[in-house]
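Just so it is clear, none of the values below were taken in a lab; they were calculated from the coordinates. Keep in mind the model is a prediction, meaning the values are calculated, not measured. For neighbour counting, all protein chains shown are included, and Cβ atoms are generated from backbone atoms with ideal geometry for every residue, glycine included.
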Amino acid sequence: MRDAAVQHSYLDDGRTLRSWLLTTDHKRIAILYIVAITFFFFAGGFAAFLIRYNLISPKGLIGSAETYNRLFSMHGILMVWFFLVPAVPVTLGNFLVPLMLGARDLAFPRLNLLSWYLFMAAGVVALYAVVGGGVDTGWTFYTPLTSFYSQGHVIAAVVAIFIAGFSSIATGLNFIVTIHKLRAPGMTWYKMPVFLWSLYATSVILVLATPVLAMTLLLLAFERIFGIGVFDPAIGGDPLLFQHLFWFYSHPAVYVMILPGFGVISEIIPAFSRKELFGYKFVVWASIAIAVIGFLVWGHHMFVAGTSLYSALVFSLLSYMVAAPSAIKVFNWIATMHKGYIRFDAPMLYAIGFIGLFTTGGLTGLFLAALAADVHLTQTYFVVAHFHYVMVGGMVSAYFAGLHFWWPKMTGHMYPEMWGRAGAIIIFVGFNLTFFPQFLLGYLGMPRRYFAYPQHFEALNLLSSAGALILAVGYILPLGYLTWSLLYGERASANPWGATGLEWTTASPPPTENFAVTPIVTQAPYQYRQAEAVNHE
Amino acid sequence: MSDAAAHEFQFASAEHQRETAISGIWLFLATEALFFGPIFLSWIFARHADPSAFDVGGRRTDLTIGLANTALLIASSFAYGVGLALIGFGRRRGMVAWLAIAWALGAAFIGLKFGVEWRTELSEGLFPGAHFSIHGPARSGAQLFFAFYFFATALHGLHLLIGLGLLAWIIIQAERFTAENHTPVHVVGLYWTFIDVIWLILFPLIYLIGRAS
């Protein structure tokens with residue numbers, strides 16, 4: 001283990017604002033992204049909080065359906081494109097891809113910085129759209145509502161997502177090329193940590209699906225500006241075409257949101273079970289399978305939109321198939337924990353929470369993939385609950401798990417462990433209280449996206465809103481104690497968890513060039529039994 | 001980057017850096033292909049729904065200019081290819097000359113497309129909207145055809161303009177390039193040729209299919 005004092009950490013390599021804003025260091029760009037992402041997470045979260053506030057009363061406490069529509073649109077747009085899609089890749093991914101590969105940086109560092117500026121530009125435009133009055137279209141921008149009838153700042157919102165898309169493409173392209181070309185000597189594909197494989201699968205989706213969304217939004221903007229266009233049924237265009245193109249991106253995009261989370265969990269479970277990851281190759285190929293099959297299931301968003309029965313049958317079947325690789329992963333994580341020496345540190349608590357919540361979200365997804373059940377459940381709170389179990393219970397938990405796990409590596413400081421565990425438990429409880437009642441509401445037939453509801457749904461909605469309050473506390477806690485740890489946290493050693501992986505062989509925080517000597521990889525990943533044996537000698 | 005063997009610190013060698021750059025541009029072109037994909041898909045899909053109206057629209061296009069422009073673009077890519085081959089032999093002045101030809105041919109495309117063809121079409125009232133000049137049963141389908149036409153050619157033209165900028169940049173920077181070290185020439189060349197590929201799909205969609213029946 002090298003002495004951190006001898007080398008300059010990346011945090012000390014220039015302290016001016018300029019040295020941050022013009023940096024091409026992947027680690028610094030990751031930090032820039034964390035700041036930005038955190039802002040958007042709380043902005044989107046604030047909108048969610050107001051939504052739950054409104055739904056405390058059956059008549060709606062905000063008093064205006066218009067405002068309510070704008071709130072859930074803002075929540076969806078900010079959370080999807082400015083938090084969920086980029087969150088893990090641009091923060092943990094940016095920081096860790098070169099470190100895990102044994103490389104000095106990503107293949108295209110300037111492109112990496114450009115992606116951050118694009119993201120920020122997109123964010124500014126999105127905030128302009130929000131502050132200027134917002135949009136009332138939902139995050140899905142369905143035509144002809146968006147192209148002809150909607151009143152809000154649709155163009156601004158569309159431009160924001162268009163720009164953010166190119167930021168995603170830049171990141172995905174950078175990751176793919178880096179993983180192909182910048183692996184350290186001896187780092188064969190099957191020696192790569194699963195986190196890298198999952199980011200690879202994610203990047204493939206980003207690179208191949210995002211351009212389709214970009215063009216679709218451009219066509220939408222054209223139609224709205226000129227009052228004529230390809231989705232307009234009056235001249236023989238087709239609104240369903242928009243839905244096809246939109247979901248061709250947006251369904252794979254939900255795998256963009258969840259796959260990196262799978263990667264994070266696959267790192268944490270072995271580290272805190274002191275065991276090799278069970279069925280490494282199955283986990284790896286499950287990621288790839290999800291990326292591939294994920295491209296073929298978009299039609300299940302349109303079962304009631306008037307597509308043909310035969311296409312619906314095929315999409316239903318394919319949607320079942322995409323569940324299989326996810327299930328493989330869940331079984332592998334549980335098998336990894338089986339007979340392990342499990343430690344319940346905060347990252348592991350989040351990871352275990354992830355398994356439970358993601359599995360709930362995944363299994364309820366099967367209800368929706370079933371053609372007959374979906375006709376009943378679609379457009380109800382059942383869908384909202386399913387989506388949030390996967391995205392918030394799954395993805396956000398995974399992000400927090402990873403943030404805590406690699407926090408010592410990124411900052412050089414330990415976070416306060418008791419606070420970390422408390423946060424993880426509060427979030428788990430708050431989350432379930434918020435979203436489990438929504439499964440019941442959906443089953444009972446409460447439609448989504450309405451600002452008022454019949455009296456008999458009041459009790460469950462009240463529970464859900466109470467849960468949101470607890471969830472809010474759970475999310476604000478880490479903001480406090482993680483910030484505190486930057487100033488007062490105990491200094492972290494190079495490898496505080498005793499984890500495997502090249503990122504733990506360099507100092508915490510790492511020096512600018514990552515490794516003084518390019519590492520040579522001889523071992524398969526996750527050799528925890530061997531690591532233990534060495535420790536006990 | 002002044003030294004021929006120089007490379008950025010994340011790469012093991014200049015060769016490593018070159019290979020990585022080439023991988024990057026190919027992947028970028030894959031994203032570009034998918035970027036244009038929805039236009040082609042929607043176009044074919046919409047045509048399939050109302051082929052006779054699309055034919056009416058398609059016959060109002062100027063096949064002569066379309067053919068001339070296709071020739072210009074292919075010739076331009078050929079010229080670029082010659083320039084790229086010449087720098088491979090270290091013949092920098094030859095490269096500059098052929099790249100200048102490639103640039104001029106590309107600029108001629110822009111001039112013909114927007115200066116002549118678009119102008120005529122706009123003056124004939126072919127831009128979709130209230131003043132659209134085709135009437136009768138084919139009116140709405142022909143409007144859709146021209147919506148696609150203006151949208152796609154504008155976007156293609158924008159790509160070409162960016163390409164002209166990149167070509168100019170290569171020509172200005174020509175001093176940097178040697179037989180061993182000319183990755184940017186290669187990278188820009190791939191992009192330049194890709195713009196042709198997009199055009200080769202647009203060309204039949206615009207000019208040929210409507211005239212086929």
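Side notes on the structure shown:
- Residue within the stretch A:199-215 that is more than 14 Å from every other protein chain (Cβ to nearest Cβ) and either assigned to a loop (DSSP other than H, G, I, E, B) or closer than 22 Å to A:Tyr149 by Cα (or both) present: no
- Among the residues of the stretch A:96-117, at least one is farther than 20 Å from A:Thr411 by Cβ and away from every other protein chain (no Cβ under 14 Å).
- Residue check for B:Thr31: at the interface with another protein chain (Cβ under 8 Å from one of its Cβ atoms) and either assigned to a helix (DSSP H, G or I) or within 26 Å of the chain's Cα centre (by Cα) (or both): yes
- Residue within the stretch B:74-86 that is in contact with a helix residue (DSSP H, G or I) (Cβ under 6 Å, 6 or more places away or on another chain), within 14 Å of another protein chain (Cβ to nearest Cβ), of a type outside the set (Phe, Trp, Tyr) and at negative phi present: no
- Tallying residues that are of a type in the set (Gly, Ala, Ser) and closer than 16 Å to B:Ala168 by Cβ within the stretch B:69-110 yields 10.
- Residue in the stretch A:352-366 that is among the hydrophobic types (A, V, I, L, M, F, W, C) and closer than 24 Å to A:Ser308 by Cα present: yes
- Counting only residues that are under 15 Å from B:Gly129 (Cα atoms), aliphatic (A, V, I, L, M) and touching a residue at least 40 places away in the same chain (Cβ under 8 Å), the stretch A:211-253 holds 1 of them.
- Against the test of being at the interface with chain A (Cβ under 9 Å from one of its Cβ atoms) and touching a residue at least 24 places away in the same chain (Cβ under 8 Å), the options B:Leu126, B:Leu160, B:Leu144 yield a single qualifying residue, B:Leu144.
- For the stretch A:332-349, the set of residues classified as in a helix (DSSP H, G or I), within 16 Å of A:Leu277 (Cβ to Cβ) and in contact (Cβ under 8 Å) with a residue 40 or more places away in the chain consists of A:Asn332, A:Trp333, A:Ala335, A:Thr336, A:Met337, A:Pro347, A:Met348, listed by residue number.
- Within the option set A:Leu78, A:Leu11, A:Leu55, A:Leu61, being surrounded by fewer than 22 Cβ atoms within 10 Å (Cβ to Cβ), more than 30 Å from A:Ala507 (Cα to Cα) and not basic (Lys, Arg) holds for one residue only, A:Leu61.
- Residue under evaluation A:Ile352, criteria (1) crowded, with 20+ Cβ neighbours inside 10 Å; (2) touching a residue at least 24 places away in the same chain (Cβ under 8 Å), criterion not met: (2)
- Within the stretch A:234-245, the set of residues being at the interface with chain B (Cβ under 10 Å from one of its Cβ atoms), in a helix (DSSP H, G or I) and surrounded by 20 or more Cβ atoms within 10 Å (Cβ to Cβ) comprises A:Ile235, A:Leu241, A:Phe242, A:His244, A:Leu245.
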